[in-house]
Amino acid sequence: MTQGVLQTYREFLPITPATPMITLGEGDTPLVRSHRLAEQLGLESLYFKLEGSNPTGSFKDRGMVMAVANAIEHDSKTLICASTGNTSASAAAYGAHCNLSTVVLVPKGNVARGKIAQAIAYGANILVINGNFDQALTMVRELSSRHPIALVNSVNPYRIEGQKTAAFEVSDALGDAPDYLCIPVGNAGNITAYWKGFKEYQETEHTTHTPQMFGFQAEGSAPIVRGEIIENPETIASAIRIGNPASWKSALEARDESGGIIDAVTDEEILAAYKLLARLEGIFCEPASAASVAGMMKSVAKGLIDKDKMVVCVLTGSGLKDPDLVNQIADIPLRELGTEIDDVERAILSM
Ligand code: AN7
């Protein structure tokens, strides 16, 4: 039976005797070694952390299980979040699992279809906001202070606690921390969580060092890189279409304490990496996730990554979340035929 992250990492988590040890099977995700992309780039050891293998298809489940357990411990009956899609899918799933009602605010027109489908399926109360993620987050912060409802965005410190378990898993799988950790940055909760996890694992002598943290924003939504709030963020990677990250300061700390970088990648670079991952590695992630690989490739080209060192790219969510986007890279026409075997044979032989 699957243990889940609360049980597996309970000594590192804010768990009390009153915390319900809930799980949907989150965590314990694969760390897959790259073959073809690593070879193309001349990298000795490149790995992908497949967070799309979590129960709702993204890394959010690690933090959500902790935040929801804490909400239940404090007698909350309702969860609320703003979301570019994955947080709402995760909140809705754990809310359903624990018989809580879940309210999600999503920006109109900028959430991938699969993520909305999940919130609907899990029975969340979905409010579509005629504004962007940052405006929705401002509202849920205020509403959760006015009412006894649990805010489960990553401004909730229990989310960060749960998410840091991914850094433990990466370190356990490799036998030590990697040298570089490449990760997409949106609201900046995940880079904050990984950095906290890597530091705790070093302090407790599970690892000998911490990685350099390489965070990547999308060019049209790169407030941290530009050093200013972006009022109208844009990017094809809708998950990280965020102009005023809540964990801005701690993302800068992760960068500076680790000797890392936070850089921007263009939508073209994101789509190129998205396609390469699928075609060279057989890994279908969502576009926001591909930002980590796009950024890694850009950093290799700039000479910022030592090719002999160990590199991990975090692939934060599944490609199935955003099926419409595959049209942007699809250059394979779908051929329709009848049921004549000779026609099918001719088609195969002419490929
Ligand atoms: C696939 O779901 O913000 O920097 O509301 O879904 O911790 O925000 C999602 C973010 C990267 C960025 N990859 O992580 C939300 C939301 C994927 C994501 C990020 C998100 P953070």
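Here are some notes:
- Residue check: ARG33 meets all listed conditions (1) in contact with a strand residue (DSSP E or B) (Cβ under 6 Å, 6 or more places away or on another chain); (2) among the charged types (D, E, K, R); (3) closer than 15 Å to ALA166 by Cβ but one, namely (3).
- Neighbours by Cβ (under 6 Å, 6+ apart or cross-chain): first from the stretch 34-57, open to solvent by 40 Å² or more (accessible area, probe 1.4 Å); second not in a loop (DSSP other than H, G, I, E, B): ARG36/LEU280; PRO55/ASP61
- All positions within the stretch 168-193 that are of a type in the set (S, T, N, Q) and more than 16 Å from the ligand (Cβ to nearest atom): SER171
- Selection count where residues are open to solvent by 20 Å² or more (accessible area, probe 1.4 Å) and either in a helix (DSSP H, G or I) or farther than 26 Å from ILE261 by Cβ (or both), scope the stretch 170-195: 4
- Condition met for LEU271 (at negative phi and open to solvent by less than 80 Å² (accessible area, probe 1.4 Å)): yes
- In the stretch 205-239, the qualifying residues are those that are open to solvent by 20 Å² or more (accessible area, probe 1.4 Å) and out of contact with any helix residue (DSSP H, G or I) (no Cβ under 8 Å at 6 or more places or on another chain), and the one that is farthest from the ligand (Cβ to nearest atom) is GLU205.
- Scanning the stretch 305-330 for residues that are more than 25 Å from VAL170 (Cβ to Cβ) and in contact with a helix residue (DSSP H, G or I) (Cβ under 9 Å, 6 or more places away or on another chain) yields a count of 6.
- Residue list for the stretch 147-157, restricted to those being away from the ligand (no atom under 13 Å from the Cβ), within 22 Å of VAL106 (Cβ to Cβ) and either open to solvent by 30 Å² or more (accessible area, probe 1.4 Å) or of a type in the set (S, T, N, Q) (or both): HIS147, ILE149
- THR165 vs. criteria away from the ligand (no atom under 13 Å from the Cβ) and open to solvent by less than 60 Å² (accessible area, probe 1.4 Å): yes
- Of the criteria (1) surrounded by 12 or more Cβ atoms within 10 Å (Cβ to Cβ); (2) part of a helix (DSSP H, G or I), which one ARG346 fails: (1)
- Those residues of the stretch 148-207 which are more than 16 Å from MET66 (Cα to Cα), of a type in the set (Val, Ile, Thr) and in contact with a Phe, Trp or Tyr (Cβ under 9 Å, 6 or more places away or on another chain), in sequence order: VAL170, ILE183, VAL185, THR204, THR207
- Residues satisfying the stated conditions in the stretch 240-258, i.e. touching a Ser or Thr at 6+ places or on another chain (Cβ under 9 Å), within 24 Å of ASP179 (Cβ to Cβ), of a type outside the set (Asp, Glu) and open to solvent by 20 Å² or more (accessible area, probe 1.4 Å): SER250
- Within the stretch 140-169, the set of residues being touching a helix residue (DSSP H, G or I) at 6+ places or on another chain (Cβ under 9 Å) and either in a loop (DSSP other than H, G, I, E, B) or of a type in the set (S, T, N, Q) (or both) comprises ILE149, VAL152, ASN153, SER154, VAL155, ASN156, GLN163, LYS164, THR165.
The values are calculated or read from the model by the stated rules, or taken from the named source; none is laboratory data. Everything numeric in this text was worked out from a predicted model, so none of it was measured. Neighbour counts run over all protein chains shown; Cβ positions are idealised from the backbone, glycine included. Surface areas here come from the heavy atoms of the whole protein model, side chains and all, with no ligands, DNA or RNA. Shrake-Rupley method; radii C 1.70, N 1.55, O 1.52, S 1.80 Å.
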